[in-house]
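K.L.:
Starting off with a structure, shown below.
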Amino acid sequence: MRKKIVAGNWKMNTIVPEGVELAKAVVAKSAEVPAEVGLVVAAPFTHLAPVAAVVKGTRVALSAQNCADKEKGAYTGEVSVDMLKSVDCEYTILGHSERRQYYGETDAKLVEKTRLALAAGLKVILCVGENLDEREAGKHFQVVSDQTKAVLYNFSAEDMKNIVVAYEPVWAIGTGKTATAEQAEEIHACIRKVLAEKFGAQVADDTTILYGGSCKPSNAKELFAMPDIDGGLIGGAALKADDFIGIALSF
Ligand code: PEP
């Protein structure tokens with residue numbers, strides 16, 4: 001049975017003491033959530049060490065939001081996978097649409113980052129998703145299939161045990177416009193098919209695929225009821241512990 005996960009992407013929000021308080025509130029409320037639901041908080045780099053101290057020994061896992069595409073050395077401003085491991089990160093998000101759009105994250109870079117992250121023992125939450133023009137042109141299945149293949153077809157079935165996919169339609173991120181449960185489900189099913197073609201039905205069936213894009217307590221239940229939606233990657237609503245936990249209670 002694949003794992004259900006609700007992951008909060010804090011993006012570039014909160015200063016360190018606020019992030020520590022948010023993590024404490026998530027930990028405090030996490031007992032309400034059924035044990036089989038994985039809880040993850042993806043904090044900014046500056047917050048990782050102090051948030052790690054808060055979540056240590058709890059059921060809340062720590063994630064970064066990105067990592068460098070190089071192992072170490074003269075890459076000013078970058079943060080390596082070993083640095084993330086050294087502050088007890090369990091996951092890193094990779095390929096978020098904001099990184100693809102504003103920071104020139106290419107599929108080739110994502111392959112390198114994924115390779116380094118897995119080698120360091122991190123789990124990867126790989127984001128894919130079409131923008132509004134692509135959706136309106138009816139290209140969403142093609143775009144998401146291509147993004148998924150471009151990165152994940154470079155890895156093995158064994159690697160897939162440590163990879164989570166997040167489908168995040170760009171037009172739904174931070175806009176208040178959520179994909180309908182049916183729109184999300186048909187893309188999740190498509191991603192699973194793309195995975196099955198390369199890795200076989202069992203691996204596809206075991207891979208956790210999250211939905212992200214204006215997910216909140218009021219719409220999470222409908223989304224999570226879909227057979228191929230295994231949880232959410234949550235942006236705005238992850239900044240309030242009550243909303244984040246409310247979403248995690250929606251299975
Ligand atoms: C995200 O950026 O991962 C996200 C899903 O954001 P929001 O929930 O704010 O749309």
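The values are calculated or read from the model by the stated rules, or taken from the named source; none is laboratory data. Every value quoted in this text rests on a predicted model; they were computed, and no experiment measured them. Every residue, glycine among them, receives a Cβ derived from its backbone with ideal geometry; neighbour counts consider all protein chains shown. In case anyone asks, the SASA skips ligands and DNA or RNA and just uses the protein heavy atoms, side chains included. Shrake-Rupley method; radii C 1.70, N 1.55, O 1.52, S 1.80 Å.
K.L.:
Could you check, for segment 128-146, whether at least one of its residues is open to solvent by less than 60 Å² (accessible area, probe 1.4 Å), assigned to a strand (DSSP E or B) and modelled with pLDDT of 95 or more?
P.N.:
yes
K.L.:
Keeping to segment 121-153, report how many residues are of a type outside the set (Ser, Thr, Tyr) and more than 16 Å from the ligand (Cβ to nearest atom). Don't jump to the end; show me each part of the working.
P.N.:
Within segment 121-153, the first condition is being of a type outside the set (Ser, Thr, Tyr), and the residues that meet it are 121-144, 146-147, 149-152.
With the extra rule that they be more than 16 Å from the ligand (Cβ to nearest atom), the set shrinks to 121-123, 133-134, 136-143, 146, 149-152.
Final tally of qualifying residues: 18.
K.L.:
Can you pull out every residue in segment 100-110 that is in a helix (DSSP H, G or I) and surrounded by fewer than 18 Cβ atoms within 10 Å (Cβ to Cβ)? Spell out the reasoning first.
P.N.:
Initially, segment 100-110 is screened for residues in a helix (DSSP H, G or I), giving 100-102, 107-110.
Once the filter is applied, which keeps residues that are in a helix (DSSP H, G or I) and surrounded by fewer than 18 Cβ atoms within 10 Å (Cβ to Cβ), segment 100-110 yields Gln101, Tyr102, Asp107, Ala108.
K.L.:
Checking the condition open to solvent by less than 30 Å² (accessible area, probe 1.4 Å), among the β-branched types (Val, Ile, Thr) and over 30 Å from Met226 (Cβ atoms), which residue from Val51, Val16 passes? Give the derivation first.
P.N.:
Working: Val16 fails: open to solvent by less than 30 Å² (accessible area, probe 1.4 Å).
Going through Val51, Val16 in turn, just one is open to solvent by less than 30 Å² (accessible area, probe 1.4 Å), among the β-branched types (Val, Ile, Thr) and over 30 Å from Met226 (Cβ atoms): Val51.
K.L.:
Continuing with this model, one more query. Of (1) within 18 Å of Phe251 (Cβ to Cβ); (2) outside any loop (DSSP other than H, G, I, E, B), Arg2 satisfies all except one. Which?
P.N.:
That leaves (2) as the condition not met.
K.L.:
For segment 111-127, which residues satisfy the criterion of being among the β-branched types (Val, Ile, Thr) and in a helix (DSSP H, G or I)? Before you say what the answer is, go through the steps one by one.
P.N.:
Step one: filter segment 111-127 for residues among the β-branched types (Val, Ile, Thr), giving 111, 114, 124-125.
Scanning segment 111-127 gives Val111, Thr114.
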